[in-house]
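Written below as structure tokens is the structure these notes are about.
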Amino acid sequence: MADLREKIDAEFENLERVVKELPPLQNLDRLSSLELNGAAVLVSNFYNGIENIFKQIGLSGSFELPEGPSWHRDLLNTASARGFVSEDTKEKLERYLGFRHFFSHAYAFDLETERLLPLAAELPETLRKFREDIEKAVEKLTG
């Protein structure tokens, strides 16, 4: 289980970097389209990192990884049902999952600051809460 801990810690380092790389919130409405899309990539990367942690936990034998067209949503639901995140954290993460889906299927020019701003603003707190939930759950796994 030390390997699991190391993999999760590495993902948390990447997630912390995502938070640090985001431009200041007060500047989001002044970003060029290209810069705004760069910020959106970071928000999308945030959810990818969340999923990477869930996948590592699943691969450790804690649950079976879902397959099929809805595997992203199923992964979040499974991790929540198994107690790896609280219901409150799950609700916050659902917004990032929705954004990740939108961002991966939309054209760059469809992105609007109003869609990105609330997610960017809540990202540090969402990460804090997610980390707190994961730390508790993994501690139970690893002893």
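Computed over every Cα-Cα pair of the stretch 1-76 and binned at 10 Å starting from 0, the pair-distance distribution P(r) comes out as 18, 38, 27, 15, 2 percent. Computed extension length for TRP71-ARG5: 21.4 nm, one decimal, from 0.36 nm per residue of separation with the Cα-Cα distance subtracted. Using the structure shown, select from LYS20/LYS90; LYS90/LYS136; LYS7/LYS136 the pairs with a Cα to Cα distance greater than 19 angstrom. Checking Cα-Cα distances, LYS20/LYS90 exceed 19 Å.
Charged neighbours of PRO66, selected by a Cβ distance under 9 Å, balance to -2 (K, R count +1; D, E count -1).
Taking the inverse of the mean 1/r over every pair of distinct Cα atoms in the stretch 2-142 gives a Kirkwood hydrodynamic radius of 15.6 Å.
Its relative contact order, with pairs defined as Cα atoms under 8 Å and 6+ residues apart, puts the chain at 33 percent.
Here the label points at ARG131 and THR113, each 7 Å from Cα along the C-beta direction, are separated by 2.9 nm in the simple model.
Spin-label model, LYS55/ALA121: points 7 Å from Cα along the beta carbon direction are separated by 3.2 nm. Evaluated over the Cα positions of the stretch 43-99, the convex hull gives a direction-averaged projected area, one quarter of its surface, of 3.6 nm².
Taking one quarter of the surface of the convex hull spanned by the alpha-carbon atoms of the stretch 1-42 gives a direction-averaged projected area of 3.1 nm². Nearest 10 degrees, 0 to 90: what angle lies between the long axis of helix 71-81 and the longest principal axis of the chain (Cα atoms)? That works out to roughly 50 degrees.
All of the numbers you see were taken from the coordinates with simple rules; none came from a lab. Owing to the predicted nature of the structure, the values given are computational and were not obtained by experimental measurement. For neighbour counting, all protein chains shown are included, and Cβ atoms are generated from backbone atoms with ideal geometry for every residue, glycine included.
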